[in-house]
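Worksheet for the structure shown next.
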Amino acid sequence: MHCRFEMLNQPMAEKEDVLQSVFGHSQFREGQEAVIDILLAGRSALALFPTGAGKSLCYQLPALMLEGLTLVVSPLIALMKDQVESLQSRGVQAARLDSTIDRKEIEEIYSQMNAGSLKLLYVAPERLANDGFLRRLRRVKIDLLAVDEAHCISEWGHNFRPDYLKIAPLAKDLSIPRVLALTATATPRVAADIRARFQIRDSDHVQTGFSRPNLSFHVHPSSSDERDQNLTELLQKNPEGPAVVYVTLQQTAERVAGVLSRAGLDARAYHAGMRDDHRADLQDDFMGGRVAIVVATIAFGMGVDKADIRHVYHYNLPKSLENYVQESGRAGRDGNDSTCEILACADDLTVLENFIYGDTPSRSALKSLVEHVLLQGTEFSISRYDLSQSRDIRPSVVSTALTYLELEEVIIPRGPFYGGYRVQLLRTIDQVLAGHTAARQNFLKKLFDSGKKGRSWYTFDIAESAFAISETEDRIRKAIQYLADMGDAVVKPTGLRHSYRLNSNKKSTVQELTTFLVERFETRETGEIERLHQVVELCETPECIPQQILEYFGESMKPCGSCSYCTGQYSGGPLPGNDRPSIQLEDAEILQELCDEGHPALRQPRQLARFLCGLSSPATTRAKLHRSDHFGILENVPFLDVLAHVESLIG
């Protein structure tokens with residue numbers, strides 16, 4: 001094991017030697033060698049490969065041939081865990097930093113970084129906002145930055161994540177000599193955006209093509225009433241090999257799994273509402289072949305590397321063509337024939353559109369957020385959770401809004417920190433104090449008196465404790481951490497906050513910044529709606545399905561000969577369904593009653609429209625309004641229709 005790694009320290013090691021000795025492969029897969037050569041030549045690259053085409057080797061192999069550290073940014077903890085364990089089993093010094101790593105492991109990783117022995121370090125994009133982590137990175141020689149799921153960097157992409165926007169400026173700030181951007185789903189526009197942000201030459205964009213000849217694509221137009229039977233028959237007709245059925249809602253996953261089980265099929269539901277240990281057990285059972293069919297929301301599959309999935313069914317329409325390519329691309333990664341089927345029903349549009357519209361914050365909520373930020377003073381900190389609760393905006397949307405303000409240089413980030421701690425003493429307070437000087441004992445007594453004592457845990461708000469005992473916040477943090485290091489206490493940080501500095505050179509008004517944010521969110525909303533309707537066009541257009549997909553991603557091909565259109569099983573045309581009910585008289589009466597009640601969580605038109613469409617928000621969740629009989633009574637009515645009606649009532 002160790003001899004493999006020692007060989008890599010030889011300056012004349014060839015990439016073919018590393019490929020064979022460390023990774024056990026005799027030859028590169030398509031595109032891999034071209035990307036590796038670009039990186040070893042000292043340039044940045046964009047690798048646009050299909051799902052399962054071996055993108056990770058493109059940075060793992062160069063990492064072992066370069067002198068410094070390779071920093072890998074990935075949003076998927078499961079993927080990071082699997083890859084680090086695989087690399088370590090091959091004798092490679094690799095590690096990951098994520099929320100599951102304890103303090104002792106973190107310190108060991110930092111020691112390896114300082115010693116220069118660590119070759120690959122995997123982190124989530126959010127960690128790059130941690131000021132302490134960045135200070136450590138600045139003391140380390142970083143030879144390569146690999147950015148997985150790089151399409152997240154582009155607002156023109158299907159899965160934009162605000163923390164990704166900070167990666168390119170950071171790479172420049174850290175003087176990282178080469179960057180590898182990796183993705184399986186990028187349109188020409190998104191690819192151009194990625195190249196521009198990381199200053200990648202057009203000629204260093206390596207694309208192996210989206211064509212997957214072993215996948216057979218089929219569209220089955222199905223009404224809402226027909227889908228259960230159609231899916232059951234398809235699974236019974238194609239029993240060979242593991243299958244994944246993708247649905248939109250958690251309750252749909254449970255219901256459909258039940259339908260399939262009653263039909264004698266080995267099916268289980270998987271969604272984010274399940275307990276973590278149940279999800280992990282189900283994933284292990286599916287990977288090990290002990291469960292044949294998983295009915296899942298899109299939470300399933302990210303970072304899961306199962307090569308022999310034979311069938312991927314979309315019970316509900318996917319959110320975009322990018323999502324469809326990514327989800328269907330989990331089939332047939334072993335190169336064997338597999339099927340990808342959509343039970344296409346236009347009734348899905350209302351729910352999917354409502355999710356998009358419901359995520360857009362109102363002008364009044366954004367105005368309140370901007371006012372809060374501008375009135376904090378020059379140096380300030382924010383709890384995104386508290387801001388989300390008080391403005392009734394989902395936390396991810398708050399993060400996006402703050403990132404937009406960062407990119408406009410209205411606020412300058414200073415990094416996250418925890419505002420509080422929960423502390424459980426493992427010995428009595430007298431035993432903990434014993435052995436300390438009198439002054440130290442007095443300090444610790446005052447500190448614990450300032451906390452809130454529960455049955456077994458103390459809760460500390462660091463700022464409040466510092467004020468109460470006239471000590472610095474830094475000393476209190478160090479004292480609590482010292483107790484943990486000495487084995488006297490279990491410490492859990494709480495109350496994540498983000499610190500900022502207001503840029504005095506930016507003189508934008510509240511109105512200007514509010515309008516700026518409104519326009520950004522409306523642009524995102526329009527893009528998401530367009531991507532959703534492109535899926536409908538794919539299903540309705542009488543042309544080869546893979547051919548349409550490739551054209552969307554800027555490629556071309558001859559008709560595949562195997563999809564439902566090419567084989568004559570489907571001739572296109574409007575999808576069944578699209579039954580968009582209107583607001584009925586009895587609904588209007590309920591709406592008037594809700595308006596008259598004036599519930600604090602439903603005062604704004606958009607708040608009430610979300611509630612009626614079954615879309616939870618921080619305020620309705622806190623008020624437990626999702627238990628109301630009226631929650632979601634208009635979930636099948638288009639959000640914009642509901643919003644317009646509510647606005648006419650509230651005025």
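The values are calculated or read from the model by the stated rules, or taken from the named source; none is laboratory data. Keep in mind it's a predicted model, so treat the numbers as computed, not measured. Positions of Cβ are generated from backbone atoms using ideal geometry, with glycine treated the same way; all protein chains shown enter the neighbour counts.
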Sort out for me the helices (runs of 4 or more DSSP H) sitting completely within segment 113-200 that have 3 or more residues that are farther than 29 Å from Thr526 by Cα and without any contact (Cβ under 8 Å) to a residue 60 or more places away in the chain. 131-137, 167-173
Answer with yes or no whether Phe23 is in contact (Cβ under 8 Å) with a residue 12 or more places away in the chain, under 21 Å from Ser89 (Cα atoms) and not hydroxyl-bearing (Ser, Thr, Tyr). yes
Being surrounded by fewer than 23 Cβ atoms within 10 Å (Cβ to Cβ), without any contact (Cβ under 8 Å) to a residue 24 or more places away in the chain and not β-branched (Val, Ile, Thr) is the requirement here; does Asp308 meet it? no
Tell me which residues, restricted to segment 352-403, are part of a loop (DSSP other than H, G, I, E, B) and in contact (Cβ under 8 Å) with a residue 60 or more places away in the chain. Thr360, Pro361, Ser362, Gln376, Gly377, Thr378, Ser383, Asp392, Ile393, Arg394
Go through segment 582-619 and give me each residue that's without any contact (Cβ under 8 Å) to a residue 40 or more places away in the chain, part of a helix (DSSP H, G or I) and within 24 Å of Ser396 (Cβ to Cβ). Pro600, Leu602, Phe611, Leu612
Would you pick out the residues in segment 291-315 that are at pLDDT below 70 and of a type in the set (Gly, Ala, Ser)? Ala299, Gly301, Gly303
Applying the selection to segment 249-289, what residues are farther than 19 Å from Thr232 by Cβ, surrounded by 18 or more Cβ atoms within 10 Å (Cβ to Cβ) and in contact with a helix residue (DSSP H, G or I) (Cβ under 7 Å, 6 or more places away or on another chain)? His271
Selection count, segment 440-483, where residues are among the charged types (D, E, K, R) and either over 18 Å from Leu425 (Cβ atoms) or surrounded by 15 or more Cβ atoms within 10 Å (Cβ to Cβ) (or both): 7
Considering only residues that are closer than 22 Å to Asp485 by Cα and surrounded by 13 or more Cβ atoms within 10 Å (Cβ to Cβ), which ones fall in segment 109-130? Ile109, Tyr110, Gln112, Met113, Asn130
Looking only at segment 591-611, which residues are more than 20 Å from Arg391 (Cβ to Cβ) and either modelled with pLDDT of 90 or more or buried (at least 17 other Cβ atoms within 10 Å of the Cβ) (or both)? Leu591, Leu594, Cys595
Residues to consider are Gly573, Gly651; find the one that is at pLDDT below 90 and surrounded by fewer than 16 Cβ atoms within 10 Å (Cβ to Cβ). Gly651
